[in-house]
Amino acid sequence: MATSPDGSLRSAHINTFTFDGIPVRLIGQTGIRKPAGLDAALTITTTYSASSDQRPYDDNVGPEGMIRYKFRGTDPNHSDNRALRQAMVTGVPLVYFIGVDRGVYVPIYPVWIRAENPEAHEFTVAVDEGQRLVNLFSLADPQRAYVARLTMARLHQPIFRARVLRAYAESCAMCRLRHAELLDAAHIIPDGQPRGEPVVPNGVSLCKIHHAAYDHNILGVRPDLVIEVQPKVLAEIDGPMLRYGLQQMAGATILIPRERVAQPDRNRLDERYEEFRRAS
């Protein structure tokens, strides 16, 4: 089952999956899917949120950096919850489908159910093989940082990329390049800094050249969406990439999504532009 260049799949495509010639729906009416004939769940799903400033996993990250997945309802003996519990006991891997648009999901595979918290009505989900090896009850600070990095690499980054590229119609906001395999989701405020969350208003779809130039303050974007180029770069003489790829970006306006909730946050742009000015 091949994904699109942004790493996503449509639900209609996902549900064409067959095993031994038998159709198997991987996404159903509820978030937990256990096909007939299986004892354990096969997939879990988080639906798309139309608010681009809200991460789809916002309420689901524990203090040690692992994902929390809520029960179906509050009854621990509901059949869906029993199916996830069976997956935990047997250690079988699942597919985690996370919504990035209406009817569009990024698949994260494999994931494992590590623990259950009946009081909070939730399960703990490991999204990396390494997370299966840590002791959930005695994590030191370095281990917590390690677990959080794994979650970021396996979960946050692909979802952020898919949502940003879809918001920008799989086009570079600066040069309009439309080859998604050559596009990145660039952070306005870098990841790890205050307000550097992987949410669409903190992202811009950029080709790899312009992403690198933006990250290294060769190019800057003003809050009014106009691109500036470092003066020393404008004065350089080099080949056509410098001239057409960088110097001629000066004074151009970046492309932004039509949906207001997906447009770049002007306050974040202003903060990032000040960094560009200091570097210039």
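Please treat every number below as a calculation from the coordinates, not as lab data. All values derive from a computational prediction rather than experimental measurement. Virtual Cβ from ideal backbone geometry, glycine too; neighbours counted across all protein chains shown.
What does the convex hull of the Cα atoms come to per residue for region 9-164, in Å³?
On the way: hull volume 18.6 nm³, N = 156.
For region 9-164, the hull spanned by Cα atoms encloses 119 Å³ per residue.
A quarter of the convex hull surface defined by the alpha-carbon atoms of the chain gives 17.0 nm² as the mean projection. Phi-derived couplings, Karplus 6.51 cos²θ - 1.76 cosθ + 1.60 at θ = phi - 60°, listed residue by residue for region 218-225: 7, 10, x, 10, 6, x, 8, 6 Hz, with x used for Gly and Pro.
Please return the longest stretch of the chain lacking exposed loop sites, where GluC sites (Glu not before Pro) count only if DSSP places them in a loop and at most 13 other Cβ atoms lie within 10 Å.
In the chain, the maximal stretch lacking such sites is 1-118.
Residue exposure proxy: LEU225, LEU150, ordered by other Cβ atoms within 10 angstrom of their Cβ from fewest to most, comes out as LEU225, LEU150.
What is the Rg over Rh value, at two decimals, for region 172-279, using alpha-carbon atoms and the Kirkwood definition of Rh? Let's see the in-between values first.
Values: Rg = 13.2 Å, Rh = 14.0 Å.
We get a ratio of 0.95 for region 172-279.
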